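S.K.: Next up is a structure, given as structure tokens.
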Amino acid sequence: MNCIAKPLFVLLGLSACTVLGPTESTAGEYDTFERKVRPLLVEHCYECHSAQAKTLHGGLRLDTAEDVRRGGDSGEVVVAGKPDESLLIETLRYDGDIQMPPAGKLSPADLATLTRWVQRGAAFPPSEQTEQAHRGAIDFDEGKRFWSFQPAVRQPLPDVSGSDWPQTRLDRFLLAAMQQHGLTPAPQADRTTLIRRLCFDVTGLPPTPAMVRDFVDDASPDAYRRLVDRLLESPQYGEKWGRWWLDMARYTDRTASWLYQTGQSHFYRDWVVGALNRDMPYDEFVRRQLATDLMTETGPRDLPALGFISLSPTYWKELKLPCEIIKVIVADEWEERVDAVSRTFLGLTVACARCHDHKFDPISTEDYYALAGVFASCRQVERPLVSEAEYEPVRVARQQVESLEAELAKRKGENPLPSEKIAELENRIDSIKRSTPQYDMPMANALAEESMFVVRAGKTPQEGTKLEYRNQPRDLPAFIRGNPNRPGPIVPRRFLTVLAKNPQPYQNGSGRLELADSIFTDAAPLAARVIVNRIWMAHFGQGLVDTPSNFGTQGGRPTHPELLDDLAARFIESAWSMKQLHRQILLSAAWQQSSLADQDSLDRDPENRWLSRMNQRRLNFEEWRDLMLTASGELSLDMGGPSIDLDAANNHRRTLYATVHRRDMSPTLMVHDFPDPTQHSPKRTPTITALQGLFALNGPLLLKQSQSVAEKLDHRAPGDHLTQIEQLYWRLFSRSPSDQEIQIGRTFLRAPHADEPITRLQQYVHALLASNEAMFVD
């Protein structure tokens, strides 16, 4: 492929890539600073280098953005993007004449955090906002007035008389904004473009040629509405939108070897897919993921929903280390859960308040520990998908086997037994397994109402650590500067002060169910705005708020605030139905616009903030791979079950079912912008890299699929190629080729070539698979 790749792509007028947007938002960088960097500066630097220092050393302050940029008596201390040229990093490394902090060199992990911060641009929130936010105690009454915390109510429709363009309520809000900015809507997309866009948006799969022709030929006024309803009822809808949700849930099929999970993570993935296909109301969807085991109306079959918490990243705990170190690791795990829950459901960066009151939002350190206590009061366990009574004989049998296996291992190692004794123990183990019905029944990753306590294993730190689990909830102290070895006052488990109408301590076990209820009572308007914005962003390629997991003061402001409020209010009124929200968006004139724009629109609104045209969308890797498998006829639509290695030769399943390994990510997924499963991912960040181009040209997936597609084409008229070209365009692009495209294809396929005709055809298929049109939807 190497020898012909360049001329082939030039000949066909195709490109394998397009430059896309920036890699991270400023809000995300500020979030990282507040959670990871500022606590280190506070602990190790501010005693001598801040406004609170008794004596300012070296004329250097490190507590404001302006002072960091200004430097001190020795000059500039931070060169953004260049840690090796930054005096701050040199000093912390003990590489120069100045060595700080004087009490001792930072740990490798802390030094790496600060080095990465400088490497990524040394983002530091504007100091004016920081100081304004911290001139005394948090004013929660003032904080409640912030736009995202306000009630969500239906908004009066704007006057756009004289236009027949709007088809839904949301169109009128959008059109009013367009008119204010001198814009007019783009024409409706043609039907071929529209059905391809719709199928990928709703199911993640391309339409079949028959679907396209039927829709194009259907002149009935409700043809499009019926198509929308049909696709929303398709089982593939849950698969497409299930993957969308799993990004936020930091889903993994495999995790580190030291953890308890036995490879049953797929139960959570399949539960999500099923819940979305049933149009489970969003409030119930979230409640079950936080506390289905505490809900009387749910049963064992819903336990996989707890995977949102039970599949959380868990960090290595070497219990030979002193408990002071293990306490920090455990506290980091609680922080991760607070972060994932608050950002996913509330769009708030509550974890920034672990070490100090939030620098920008009305969230106190006590608020953080009130939520952290909820997650400190539950334990990650595996539970059966049957009733406890049905599981009891299996539990007893497994305990017996565990005891016998421990005895066998001990005897083999310390005091070897005769072979016949070993065989006797092995036969007893085998007999228990065979005689116990459903001994190998699957177990779901779930939760138990148990609190973890980190205690010394002996009387001295040198004797290591042990973890104790107690059948009672616990309230955490507010750790001073986030350090669990410096406990402050105890904080009862409760909801966030700024959102709670009547803050009361949680009384029901861990408080998980009460937390879920608080999200959909006290914080219902905020929760609705957040999920509405996420779904809007998935359909339009941009959010009404461009920071989907930060609705705080450092997040973006809505471009169309009245529209967002109206959608959120109606979403709540519709009993939190996500499919109903999809329908509102998909049936709008705005979503059906063409992506083509005239020069005036491009000049007035180059970023398309006011949505006077549709945004082109790049397929994610899962959709691109599924398109190839569909084109070759190899795609299996079997749903659910254990994952399979992405690159396995027999893997013809949708990419949703490819194994995601948290600690050993597939290189193919990493190259193609797959989210990091160790943390909540608010949105995919598309990139363009040389590795992606090399994968498109030489990767085994495209080589194999181009061959498979070529073999499936009609070869009865090898000298003409018209039928093959038309089949390819329909399978890949859902349309007929133009005369020019036919001529280009024929010219290439008829050119002299030393190999067999099928090889030439395979090269042509390969070029189309890697083309922009295969990777994008208009």
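The values are calculated or read from the model by the stated rules, or taken from the named source; none is laboratory data. Bear in mind the structure is a predicted one, so any value in this text is a computation, not a measurement. When we count neighbours, we look across all protein chains shown, and the Cβ atoms used for this are built from the backbone with ideal geometry, even at glycine.
S.K.: Testing Gln692 on (1) more than 33 Å from the chain's Cα centre (by Cα); (2) of a type in the set (S, T, N, Q); (3) not in a loop (DSSP other than H, G, I, E, B), one condition comes back false. Which one is that?
M.R.: That leaves (1) as the condition not met.
S.K.: Considering each of Val272, Val216 in turn, give the residue that is crowded, with 22+ Cβ neighbours inside 10 Å, of a type outside the set (Asp, Glu) and either part of a helix (DSSP H, G or I) or in contact with a Cys (Cβ under 6 Å, 6 or more places away or on another chain) (or both).
M.R.: Working: Val216 fails: crowded, with 22+ Cβ neighbours inside 10 Å.
Answer to the selection: Val272.
S.K.: Cβ contacts < 8 Å: first residue within 10 Å of Leu346 (Cα to Cα), restricted to the stretch 536-553; second residue of a type in the set (Ser, Thr, Tyr) and buried (at least 21 other Cβ atoms within 10 Å of the Cβ), any location; separation 6+ or different chain. Result?
M.R.: Close Cβ pairs (under 8 Å, with a partner that is of a type in the set (Ser, Thr, Tyr) and buried (at least 21 other Cβ atoms within 10 Å of the Cβ)) amount to Ser549/Thr344; Ser549/Thr349; Asn550/Thr349; Phe551/Ser148; Gly552/Ser148; Gly552/Thr349.
S.K.: For residues that are part of a loop (DSSP other than H, G, I, E, B), under 27 Å from Thr547 (Cα atoms) and touching a helix residue (DSSP H, G or I) at 6+ places or on another chain (Cβ under 7 Å), tally how many sit in the stretch 639-672.
M.R.: Total meeting the criteria: 1.
S.K.: For the stretch 144-173, give me the residue count where each residue is touching a helix residue (DSSP H, G or I) at 6+ places or on another chain (Cβ under 7 Å) and either farther than 30 Å from Leu348 by Cα or aliphatic (A, V, I, L, M) (or both).
M.R.: Going through the stretch 144-173 one residue at a time, the tally reaches 10.
S.K.: Further question on the same structure: For the condition farther than 30 Å from Asp31 by Cβ, surrounded by 19 or more Cβ atoms within 10 Å (Cβ to Cβ) and without any contact (Cβ under 8 Å) to a residue 24 or more places away in the chain, what is the one hit in Arg716, Arg731, Arg760? I'd like the intermediate steps shown before the answer.
M.R.: Working: Arg716 fails: surrounded by 19 or more Cβ atoms within 10 Å (Cβ to Cβ); Arg731 fails: without any contact (Cβ under 8 Å) to a residue 24 or more places away in the chain.
Sole residue among the options that is farther than 30 Å from Asp31 by Cβ, surrounded by 19 or more Cβ atoms within 10 Å (Cβ to Cβ) and without any contact (Cβ under 8 Å) to a residue 24 or more places away in the chain: Arg760.
S.K.: Being more than 21 Å from Pro166 (Cα to Cα), part of a helix (DSSP H, G or I) and not aliphatic (A, V, I, L, M) is the filter here, so list the residues in the stretch 595-618 that pass it.
M.R.: Gln599, Asp600, Asp603, Arg604
S.K.: Among the residues of the stretch 295-317, is any assigned to a helix (DSSP H, G or I), of a type in the set (Val, Ile, Thr) and free of Cβ contacts under 8 Å to residues at least 60 places away in the same chain? Before the answer, list the steps.
M.R.: Step one: of the stretch 295-317, the residues assigned to a helix (DSSP H, G or I) are 300-310.
So of that shortlist, the ones also of a type in the set (Val, Ile, Thr) come out as 309.
Still in the running and free of Cβ contacts under 8 Å to residues at least 60 places away in the same chain: none.
Scanning the stretch 295-317 turns up no residue that is assigned to a helix (DSSP H, G or I), of a type in the set (Val, Ile, Thr) and free of Cβ contacts under 8 Å to residues at least 60 places away in the same chain.
S.K.: Out of the residues in the stretch 618-638 that are among the aliphatic types (A, V, I, L, M) and in contact with a strand residue (DSSP E or B) (Cβ under 9 Å, 6 or more places away or on another chain), state the one that is nearest to Pro304 (Cα to Cα).
M.R.: Taking the stretch 618-638 as the starting set, the residues that turn out to be among the aliphatic types (A, V, I, L, M) are 619, 627-629, 631, 635, 637.
Those still in the list that are in contact with a strand residue (DSSP E or B) (Cβ under 9 Å, 6 or more places away or on another chain) too: 619, 629, 635, 637.
Numbers: Leu619: 29, Leu629: 30, Leu635: 27, Leu637: 22 Å.
This residue is Leu637.
S.K.: Give the number of residues within the stretch 437-470 that are part of a loop (DSSP other than H, G, I, E, B) and modelled with pLDDT of 95 or more. Break it down into steps so the answer makes sense when it comes.
M.R.: Looking only at the stretch 437-470, we keep the residues that are part of a loop (DSSP other than H, G, I, E, B), and these are 437-442, 449-450, 457-460, 464.
Narrowing further to those that are modelled with pLDDT of 95 or more: 449-450.
Residues in the stretch 437-470 being part of a loop (DSSP other than H, G, I, E, B) and modelled with pLDDT of 95 or more: 2 in total.
S.K.: With the requirement that a residue be surrounded by 20 or more Cβ atoms within 10 Å (Cβ to Cβ), closer than 25 Å to Leu294 by Cβ and among the β-branched types (Val, Ile, Thr), what does the stretch 511-548 give you?
M.R.: Those that are surrounded by 20 or more Cβ atoms within 10 Å (Cβ to Cβ), closer than 25 Å to Leu294 by Cβ and among the β-branched types (Val, Ile, Thr): Ile519, Val530, Ile531.
S.K.: Right, something else. So is Ser234 closer than 30 Å to His661 by Cα and either among the polar types (S, T, N, Q) or modelled with pLDDT under 95 (or both) or not? Steps first, answer last, please.
M.R.: Numbers: closer than 30 Å to His661 by Cα: yes; either among the polar types (S, T, N, Q) or modelled with pLDDT under 95 (or both): yes.
In short, yes.
S.K.: Another question, then. Of the residues that sit in the stretch 47-82 and are among the hydroxyl-bearing types (Ser, Thr, Tyr) and out of contact with any Asp or Glu (no Cβ under 6 Å at 6 or more places or on another chain), which one is surrounded by the most Cβ atoms within 10 Å (Cβ to Cβ)? Steps first, answer last, please.
M.R.: Applying the first criterion (among the hydroxyl-bearing types (Ser, Thr, Tyr)) to the stretch 47-82 yields 50, 55, 64, 74.
Now narrow it down to the ones that are out of contact with any Asp or Glu (no Cβ under 6 Å at 6 or more places or on another chain): 55, 64, 74.
On the way: Thr55: 6, Thr64: 18, Ser74: 14.
Result: Thr64.
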